[in-house]
2 protein chains.
Amino acid sequence: MSTEPKGEGSREPTLTRAGIIAVGSELLTPFRTDTNSLFITGKLNDLGIEVTLKAIVGDDLQAIVSTFEHVRAHADLMVLTGGLGPTADDLTREAVALALGLSLDEDTEVVERIRRRFARRGLEMPEVNRRQALVPRGAIALENANGTAPGLWIEPAGGPVLLLPGPPREMQPMLDRVVETHLARYAGPSRLYRRVMRIAGRTESHVEEAVQPVYSRWAAASPPIATTILASPGQIELHLTVHAAAREEAESLLDRATSEIATVLGPDLFSADERLLEEVVGGLLRQRRFRIALAESCTGGLVASRLTDVPGSSDYVDASLVTYSNAAKTRFLGVPESLIRANGAVSAPVALGMATGVRERTGADVGVGITGIAGPGGGTPEKPVGLVVIAVAGPGDAISVRTFTFPGERRLVKFQASQAALDAVRRVLLDSAEPVLR
Amino acid sequence: MSTEPKGEGSREPTLTRAGIIAVGSELLTPFRTDTNSLFITGKLNDLGIEVTLKAIVGDDLQAIVSTFEHVRAHADLMVLTGGLGPTADDLTREAVALALGLSLDEDTEVVERIRRRFARRGLEMPEVNRRQALVPRGAIALENANGTAPGLWIEPAGGPVLLLPGPPREMQPMLDRVVETHLARYAGPSRLYRRVMRIAGRTESHVEEAVQPVYSRWAAASPPIATTILASPGQIELHLTVHAAAREEAESLLDRATSEIATVLGPDLFSADERLLEEVVGGLLRQRRFRIALAESCTGGLVASRLTDVPGSSDYVDASLVTYSNAAKTRFLGVPESLIRANGAVSAPVALGMATGVRERTGADVGVGITGIAGPGGGTPEKPVGLVVIAVAGPGDAISVRTFTFPGERRLVKFQASQAALDAVRRVLLDSAEPVLR
């Protein structure tokens, strides 16, 4: 860098507002969009920097330059991703140099670095890759451990500008390093701390109603805690955020707010530590030394797939029998044909027969049976699309059977059913603090 | 609308460039981003309109106004989503009226519509919802079948402006109607036609190498066909697009290009009609009247879940036995304990034993066995994380066993394994044109 190196303890003016621009014509098609900005936003929020504006622009020099200028009017930190490749389409370097009035020169050290990267794979560097060694005057080239495109860090008047490569596996580790080496210096004394609370078994308005008195009190506290409710099918999230100078202060405030909200929500709150429902259920099974077995019909294996997304789940997942046909329900689970004939495959007796059947046949502590009509076909006036029955058998002699009607299309019904099944298991496990003696 | 109504056949100046702005502070957090623009882009592309710029802005009047003005300099059609709710945070109406210099008046008809919507649910309209009836002078309020927020269609000098609600289930049907009632008039004689080709079993560079001579010839044709390659784990997509005045001309050009590419790619091309791999496999099973059964270990039910995402899949999916434990492999599939002990659970003999076991026990035509190490734990130097063995038994006496090593973290390994398993089934079915006599 051409300016003098900063001493260890030196402080730059505090950054509070960031703008993010994703560059690439493929991000303007119906098939791809920018998702890098989510990761970037998380890292910047940690430093107390909020994102005020995002833009997505194609491989068009003039559009990148003018969008850069527009976003910069709303931000004191600029982050751009993509457009750092070797081809003529890759214009981010040129556009930023142009917008900032900086000349663009080849950095021989960067050329060598790229050449060595090719050499390690026994290849000669194509001439076109020299473009990736163009560096705006005064900028620092950031090493890319997973690709040829270096990132760029520039500190012009008006606040720093960071250029990152587009592929997430190149962008993410580079940003992690830049936070330490360059960005942290610009972070203010106050950082943003966040707590995510996840809730199952209540609608958004029921959560809002219950929590509103608590969060309006915390919103008026000093420092204030802000609350956002995000609803998605089968799950409600509460995000609590607070700006604070010290981690201990923030965590202690968030702990208190969280515990007040937990009291209000009771067992409907399933996670206050970022864990997903399948992780929470897995944790309870591990803690209580239970093994689980599933008999899935309408969810088609989704519950087992979600449970086994969790590393180490082979410790507590025994088996899932996805018995789509009635014959399979009888053969593998021992659900009597006559029971299916008398009640229909989607019924409480069959769901319970599936749960107890899979439990007996695997010797698992907990058996789950799920049967329903995912749609779009197969519904009747008495048993409409979206009707799902979930039974949990065990641990011990615990039995729970519940019937739901979920809205939406096939995949959405499947997901909501998987969420309700995991939540049913969670509630049964909460009521059974100790492993049942066998 | 205050200007004169347009006659049936009247034509407006052709729109070619659209800008999309998503409004909402929650879209600037690490947890949510704009995805509405993908759906909108697809609909606009169909009309021959390309998206040149997208922006995401918070609930901040001045930022919405200035971003509107910036994006409008790059677009002759503006689409905004979100910020049409009833609260003080919902500023899109005000910002657009301000940017266009239009006054904002309450539309009594819209008030009545919202009031009736509440009344149908036995509720009184809260006063705050009157905000949703504010309409810029000269704008048309667009009815919302799934919510209270009406959309708005404005036709100022400089090109039309469309405001849509943020929730996808409100936005999508409204856009579909606006395309017919208002937007189609602005579409030029030439529209964009697209063909998506999906490929399994080749890397991106192998696809590129094979297809390059074909697509460079089509790129030079008149009208030219543009090709884009999109790589994702377990799948490569080729997107062919052409601008043409007549559907027949476009479809016939795309048919010819597609068939040339199909010849080059052979059976690695699995779909040229937007179908996913699970739909293609389902179609082959249905056509050949085969039933399938699965024995899944490392995929944990994901293959069955993907197959059963397809409506009507109960016609050909019999069962999937997710045998996570070795004991379950023996009990439910009849894989001998000694075989597992001698070869390890992740081995060709065990995968084949799982495939034949599940086939025999269900009486299905095709049995699939999948066993592997999804990670992050459980790997050894001989059997690393990502090692997956896939066996297909049937139809008839067909047998196929293949071993893969997939990169990436647990979920990615699971997805790639599910993709490889579905692809293995597809290839076996392609080789068996007729149902095997039983």
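Against the numbered list (1) surrounded by fewer than 19 Cβ atoms within 10 Å (Cβ to Cβ); (2) not in a strand (DSSP E or B), A:Thr228 comes up short only at (2).
Does B:Val96 satisfy the condition of being in contact (Cβ under 8 Å) with a residue 60 or more places away in the chain, on the phi < 0 side of the Ramachandran plot and not in a strand (DSSP E or B)? When the stated conditions are applied, B:Val96 passes them.
In the range A:76-98, how many residues are within 16 Å of A:Val23 (Cβ to Cβ), modelled with pLDDT of 90 or more and surrounded by 19 or more Cβ atoms within 10 Å (Cβ to Cβ)? Selection size over the range A:76-98: 13. When the criteria are applied in full, B:Val211 meets the requirement of being over 22 Å from B:Leu100 (Cα atoms) and open to solvent by less than 10 Å² (accessible area, probe 1.4 Å). Residues in the range A:303-312 that are open to solvent by 10 Å² or more (accessible area, probe 1.4 Å) and at the interface with chain B (Cβ under 7 Å from one of its Cβ atoms): A:Asp309, A:Pro311, A:Gly312.
Residue-by-condition table, conditions (1) in a helix (DSSP H, G or I); (2) within 14 Å of chain B (Cβ to nearest Cβ); (3) polar (S, T, N, Q); (4) open to solvent by less than 10 Å² (accessible area, probe 1.4 Å):
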residue	(1), (2), (3), (4)
A:Ser252	yes, no, yes, no
A:Ile261	yes, no, no, yes
A:Gly266	yes, no, no, no
A:Glu279	yes, yes, no, no
A:Arg289	no, no, no, no
A:Ser314	yes, yes, yes, no
A:Ala328	yes, yes, no, yes
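Suppose the filter is over 26 Å from A:Gly138 (Cα atoms), touching a residue at least 12 places away in the same chain (Cβ under 8 Å) and outside any strand (DSSP E or B); does A:Gly42 pass it? Answer is no for this residue. A residue that is surrounded by 21 or more Cβ atoms within 10 Å (Cβ to Cβ) and not basic (Lys, Arg) occurs somewhere in the range B:120-133. Among residues of the range A:343-361 that are open to solvent by 50 Å² or more (accessible area, probe 1.4 Å), those with a Cβ under 8 angstrom from a residue that is among the aromatic types (Phe, Trp, Tyr), sequence gap 6+ or separate chain, pair up as A:Arg361/A:Phe332; A:Arg361/B:Phe332. Among the residues of the range A:104-156, the ones that are modelled with pLDDT under 90, under 36 Å from the mean Cα position of the chain (by Cα) and not in a helix (DSSP H, G or I) come to 6 in all. A search for C-beta distances below 6 Å between a residue of the range A:381-395 that is small (Gly, Ala, Ser) and any residue that is open to solvent by 10 Å² or more (accessible area, probe 1.4 Å) and not in a loop (DSSP other than H, G, I, E, B), counting only pairs 6+ apart in sequence or on different chains, returns A:Gly386/A:Thr405; A:Ala391/A:Leu352; A:Ala391/A:Val401; A:Ala393/A:Thr356; A:Ala393/A:Arg359; A:Ala393/A:Ile399; A:Gly394/A:Arg359. Would you say A:Leu238 is open to solvent by less than 20 Å² (accessible area, probe 1.4 Å), assigned to a helix (DSSP H, G or I) and either touching a helix residue (DSSP H, G or I) at 6+ places or on another chain (Cβ under 7 Å) or at pLDDT 90 or above (or both)? Judged against the criteria, A:Leu238 is not a match. The number of residues in the range A:268-277 that are open to solvent by less than 70 Å² (accessible area, probe 1.4 Å) and under 18 Å from the mean Cα position of the chain (by Cα) comes to 5.
With respect to the conditions (1) in contact with a Phe, Trp or Tyr (Cβ under 8 Å, 6 or more places away or on another chain); (2) within 14 Å of another protein chain (Cβ to nearest Cβ); (3) open to solvent by less than 60 Å² (accessible area, probe 1.4 Å); (4) of a type outside the set (A, V, I, L, M), B:Gly166 lacks only one, and its number is (1).
The values are calculated or read from the model by the stated rules, or taken from the named source; none is laboratory data. Since we're looking at a predicted model, the values are computed, not measured. Using ideal geometry, Cβ is built from the backbone for each residue, glycine included, and neighbour counts are taken over all protein chains shown. Just the protein is used for accessible areas: all its heavy atoms, side chains included, with ligands, DNA and RNA removed. Shrake-Rupley method; radii C 1.70, N 1.55, O 1.52, S 1.80 Å.
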